[in-house]
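What follows is a set of notes on a single structure, which appears directly below.
The values are calculated or read from the model by the stated rules, or taken from the named source; none is laboratory data. None of the values given here were measured: they were computed from a predicted structure. Heads up, the Cβs are rebuilt from the backbone with ideal geometry, glycines too, and the neighbour counts pull from every protein chain shown. Accessible surface areas use protein heavy atoms only, side chains included; no ligands, DNA or RNA. Shrake-Rupley method; radii C 1.70, N 1.55, O 1.52, S 1.80 Å.
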Amino acid sequence: MEIKQILFESAKKARLNAYAPYSEYFVGAAVLAESGNVYASCNVENVSFPCGVCAEAGAISAMAAAGERKIKAVLVVSDGKELVYPCGACLQRIAEFADDNTLIYLADTSEIRKTCRLQDLLPYNFKATELAHD
Ligand code: THU
């Protein structure tokens, strides 16, 4: 199976577990890491609304917890009227482990509808290299 199809299936499967009783907007995300492994998650909301987390955040955390530090591609899926784009905070989360050309696939539950690069969605981002950490 083509890798973007694997990401699509993984994200859709995670989306089935989305916990979104407040927005009823169910999102799945899958990240392809450098090893070839795929990490997926869903949005998990909270009665204290700001505590909720996006699907992308969970997938990136799972990737990092597995010891991986490089995102090759991301796929986000939802079934809203409009295509789901990663929110600004999630673009910054992706940027931490990706580069300008990292692919971001946007899907509804029936198909992948759009392919972007990180630089299309976040042309400027705050880079860790700008911190005086070494
Ligand atoms: N959401 C995501 O999971 N990812 C995004 O990039 C945008 C928004 C979730 C957060 C919240 O649970 C729901 O969608 C409605 O905002």
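Scanning the range 68-86 for residues that are open to solvent by less than 30 Å² (accessible area, probe 1.4 Å), assigned to a loop (DSSP other than H, G, I, E, B) and either without any contact (Cβ under 8 Å) to a residue 24 or more places away in the chain or within 11 Å of the ligand (Cβ to nearest atom) (or both) yields Ser78, Gly80, Val84, Pro86. Looking across the range 11-26, just one residue is touching a residue at least 40 places away in the same chain (Cβ under 8 Å), open to solvent by 30 Å² or more (accessible area, probe 1.4 Å) and either under 22 Å from Ala64 (Cβ atoms) or part of a strand (DSSP E or B) (or both), and that is Arg15.
Of the candidates Ala107, Ala89, Ala55, Ala65, the single residue that is within 14 Å of the ligand (Cβ to nearest atom) and open to solvent by 40 Å² or more (accessible area, probe 1.4 Å) is Ala89. The residue that is modelled with the lowest pLDDT, among those in the range 106-134 that are of a type in the set (D, E, K, R) and part of a helix (DSSP H, G or I), is Glu130. With respect to the conditions (1) within 15 Å of the ligand (Cβ to nearest atom); (2) of a type outside the set (Phe, Trp, Tyr); (3) touching a residue at least 60 places away in the same chain (Cβ under 8 Å); (4) closer than 18 Å to Lys70 by Cβ, Lys4 lacks only one, and its number is (1). Ala29 falls short of the stated requirement of being open to solvent by less than 40 Å² (accessible area, probe 1.4 Å), more than 21 Å from Tyr85 (Cβ to Cβ) and not basic (Lys, Arg).
So that you can scan it fast, the table gives a plain yes or no per residue for (1) under 18 Å from Leu118 (Cα atoms); (2) under 12 Å from the mean Cα position of the chain (by Cα):
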position	(1), (2)
Lys13	no, no
Tyr19	no, no
Tyr25	no, no
Ser41	no, yes
Asn46	no, no
Glu56	yes, yes
Lys70	yes, no
